[in-house]
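**Q** Please find one structure pasted underneath; my questions will follow.
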There are 2 protein chains.
Amino acid sequence: MRHTHTTTRRNVLRGTAAATAALTATGTIGAGTAHAGILQAESPAGGRGPSIGVLLYDGYSLLDPTGPAEVLSRLPDATVTMIAEERGPVRTDTGDVAVLAERSIAEIDHLDVLLVPGAGDRGTVGAMTNENLLKWIRRIHRHTRWTTSVCTGSIVLAAAGLLNGRRATTYWASAEYLQSTFDVTYLPQRYVHSGKIITAAGVSAGVDMALYLASLIADDDTAKAIQLAVEYDPQPPFGSGNAADADPQLKERALRLLAESQSLSRTGSVPAVP
Amino acid sequence: MRHTHTTTRRNVLRGTAAATAALTATGTIGAGTAHAGILQAESPAGGRGPSIGVLLYDGYSLLDPTGPAEVLSRLPDATVTMIAEERGPVRTDTGDVAVLAERSIAEIDHLDVLLVPGAGDRGTVGAMTNENLLKWIRRIHRHTRWTTSVCTGSIVLAAAGLLNGRRATTYWASAEYLQSTFDVTYLPQRYVHSGKIITAAGVSAGVDMALYLASLIADDDTAKAIQLAVEYDPQPPFGSGNAADADPQLKERALRLLAESQSLSRTGSVPAVP
């Protein structure tokens with residue numbers, strides 16, 4: 001009984017007239033052969049749609065790049081490329097998980113959209129003091145359509161000099177640091193649009209920002225369809241996600257959980273953070 | 001001017017008394033040396049906290065595993081392990097992005113929490129017809145504290161026989177398939193808790209489910225602190241994420257965007273989906 005479904009092979013997605021039409025248009029259904037990447041461009045610069053580059057660096061927070069990547073990858077003909085200083089797996093702040101960087105920064109000369117994720121202290125300090133990375137960010141930014149960040153990624157943009165005189169947002173616990181260290185006015189918003197730069201608040205805010213960005217790159221109807229495609233009808237079981245409403249105990253607990261979940265370093269010395 | 005911050009090296013996270021206390025307790029601050037993994041268990045089964053295993057398979061949707069992993073990795077002493085049939089990079093449905101599987105299923109005998117993400121048609125059909133994978137899921141499920149899924153991951157659980165006679169949820173466009181193919185009652189909820197199995201709706205619903213799961217594994221206060229830690233105060237720019245409110249045009253557009261963003265296959269023949 002359990003395996004009758006394997007013989008019927010029906011569409012798992014109901015109402016996939018659209019999906020089937022899209023697939024049939026390529027001539028692959030029926031022929032039974034595969035053409036890798038036939039529905040997408042293979043290279044970040046080679047597609048007809050927007051080239052979206054996500055900069056990974058040691059110690060980023062997993063959802064910062066992956067939430068927006070999920071959303072933006074649904075834009076028509078978009079390519080999403082994970083980029084790092086060197087190709088290869090790049091570990092998150094917890095050290096548990098690694099996303100593969102498919103390209104090194106040396107290989108990427110142009111992006112329509114640059115996204116810089118955030119990280120814990122170790123990762124953020126590492127990125128904001130890495131002149132090689134900052135130089136690349138500045139160079140790419142010159143010709144992007146949109147330069148974006150999630151969480152403390154805005155601190156990396158600020159360290160690259162891109163936020164001078166601008167309004168921006170960042171992770172709630174980093175707002176004071178951002179504002180007192182750089183010539184930036186912090187706004188406690190889910191995302192802040194300033195010229196061609198869009199900064200998002202902490203971690204999960206990247207999803208909201210990416211939907212907004214999708215509406216700018218395509219249009220509102222496309223962004224709404226993407227929201228439905230990823231079934232983004234948020235219903236968190238608690239209402240504790242806004243720092244403005246949080247008491248000091250909750251904030252301290254949140255930061256302690258973050259600190260304790262973060263590995264220090266896999267490779268070398270920890271930057272002194274006195 | 002731009003680099004004065006590199007000499008002050010202040011905490012990027014304000015109010016990190018908690019963070020500093022946690023770090024100082026390990027004796028690493030001041031000593032200036034690193035101890036990899038000192039704040040976390042190194043192996044999926046070796047920690048004091050919950051061992052959380054996320055099953056990756058070719059064609060999963062990026063946010064399905066990474067959203068919950070971000071949330072659950074903040075549980076005290078938790079380890080999150082990405083697992084696949086074989087170790088190595090596992091590609092998403094778009095083919096653009098790969099997360100590294102750190103362990104093969106042959107290496108994992110026990111998990112406190114198993115999470116099975118969803119995928120597009122190609123990935124879901126691939127997983128639900130992979131008897132090796134289903135056998136492992138059944139074996140691990142026997143001793144989990146919680147067996148969970150996101151999106152069409154519930155169809156994979158159903159194919160493994162774990163949802164017989166149960167209520168569950170899945171991706172909105174797959175509800176009819178789930179209910180008509182298996183002995184499952186579909187509930188159009190953000191997540192459905194049935195015994196030790198918790199299924200989440202599409203893609204982004206995994207974040208809501210993971211916060212609920214965090215409250216079960218730890219307690220409400222911990223889950224609330226995690227929600228603040230990932231600044232999950234959702235404010236999508238549109239309100240189009242609920243399929244029950246969507247008109248047919250929007251649904252068709254959502255499914256077309258999904259289909260067109262998905263690569264067919266990198267390695268072999270496309271399963272026939274008539």
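The values are calculated or read from the model by the stated rules, or taken from the named source; none is laboratory data. Everything numeric here is computed off the predicted structure, so don't read it as measured data. Neighbour counts are summed over all protein chains in view; Cβ atoms, including those assigned to glycine, are modelled from backbone coordinates with ideal geometry.
**Q** Would a scan of segment B:91-105 turn up a residue that is touching a Ser or Thr at 6+ places or on another chain (Cβ under 8 Å), more than 10 Å from chain A (Cβ to nearest Cβ) and surrounded by fewer than 21 Cβ atoms within 10 Å (Cβ to Cβ)?
**A** Yes, there is a match, as at least one residue in segment B:91-105 is touching a Ser or Thr at 6+ places or on another chain (Cβ under 8 Å), more than 10 Å from chain A (Cβ to nearest Cβ) and surrounded by fewer than 21 Cβ atoms within 10 Å (Cβ to Cβ).
**Q** Same structure, new question: Here are some conditions: (1) part of a helix (DSSP H, G or I); (2) surrounded by fewer than 24 Cβ atoms within 10 Å (Cβ to Cβ). B:Pro188 meets all but one. Which one does it not meet?
**A** (1) is the only condition that B:Pro188 fails.
**Q** Does segment A:126-141 contain at least one residue that is at the interface with chain B (Cβ under 10 Å from one of its Cβ atoms), over 15 Å from the mean Cα position of the chain (by Cα), among the β-branched types (Val, Ile, Thr) and surrounded by fewer than 24 Cβ atoms within 10 Å (Cβ to Cβ)?
**A** yes
**Q** Those residues that are under 12 Å from the mean Cα position of the chain (by Cα) and closer than 12 Å to A:Arg190 by Cα, I need them from segment A:150-172; list them, please.
**A** Across segment A:150-172, the qualifying residues are A:Val150, A:Cys151.
**Q** Exactly one condition in (1) surrounded by 24 or more Cβ atoms within 10 Å (Cβ to Cβ); (2) modelled with pLDDT of 95 or more is not met by A:Asp121; state its number.
**A** (2)
**Q** Same structure again: For the list (1) of a type outside the set (Ser, Thr, Tyr); (2) farther than 14 Å from A:Val99 by Cβ; (3) at the interface with another protein chain (Cβ under 7 Å from one of its Cβ atoms), I need the number of the one condition that B:Leu111 fails.
**A** Every listed condition holds for B:Leu111 apart from (3).
**Q** When both residues are 6+ apart or on different chains and their Cβ atoms are under 7 Å apart, which pairs have a first residue that lies in segment A:66-78 and is buried (at least 24 other Cβ atoms within 10 Å of the Cβ), and a second that is hydroxyl-bearing (Ser, Thr, Tyr) and not in a helix (DSSP H, G or I)?
**A** Once the first residue is buried (at least 24 other Cβ atoms within 10 Å of the Cβ) and sits in segment A:66-78, its partners that are hydroxyl-bearing (Ser, Thr, Tyr) and not in a helix (DSSP H, G or I) give A:Gly67/A:Ser204; A:Glu70/B:Ser61; A:Ser73/B:Thr94.
**Q** Would you mind telling me which numbered condition in (1) farther than 24 Å from B:Phe238 by Cβ; (2) assigned to a loop (DSSP other than H, G, I, E, B); (3) modelled with pLDDT of 95 or more A:Phe238 fails?
**A** Condition (1) is where A:Phe238 drops out.
**Q** Counting just the residues of segment A:64-90 that are away from every other protein chain (no Cβ under 11 Å) and among the aliphatic types (A, V, I, L, M), which one comes out nearest to B:Asp64 (Cα to Cα)?
**A** A:Ile83
**Q** Just to be sure before I move on: is B:Asp183 over 19 Å from B:Pro65 (Cα atoms), surrounded by fewer than 19 Cβ atoms within 10 Å (Cβ to Cβ) and in contact (Cβ under 8 Å) with a residue 40 or more places away in the chain in the structure I sent?
**A** Judged against the criteria, B:Asp183 is not a match.
**Q** Among the listed residues B:Leu23, B:Leu39, B:Leu63, B:Leu13, identify the single one that is surrounded by 14 or more Cβ atoms within 10 Å (Cβ to Cβ), modelled with pLDDT under 50 and in contact with a Ser or Thr (Cβ under 7 Å, 6 or more places away or on another chain). Quick ask: steps written out before the conclusion?
**A** Values: B:Leu23 fails: in contact with a Ser or Thr (Cβ under 7 Å, 6 or more places away or on another chain); B:Leu63 fails: modelled with pLDDT under 50; B:Leu13 fails: modelled with pLDDT under 50.
Just a single option satisfies the conditions, and that option is B:Leu39.
**Q** Is at least one residue of segment A:235-247 more than 7 Å from chain B (Cβ to nearest Cβ) and in contact (Cβ under 8 Å) with a residue 24 or more places away in the chain? It would help to see each step written out before you state the result.
**A** Initial filter on segment A:235-247 (more than 7 Å from chain B (Cβ to nearest Cβ)): A:239, A:244-245, A:247.
Pick out the ones that are also in contact (Cβ under 8 Å) with a residue 24 or more places away in the chain and you get A:244.
Yes; the residues of segment A:235-247 include at least one that is more than 7 Å from chain B (Cβ to nearest Cβ) and in contact (Cβ under 8 Å) with a residue 24 or more places away in the chain.
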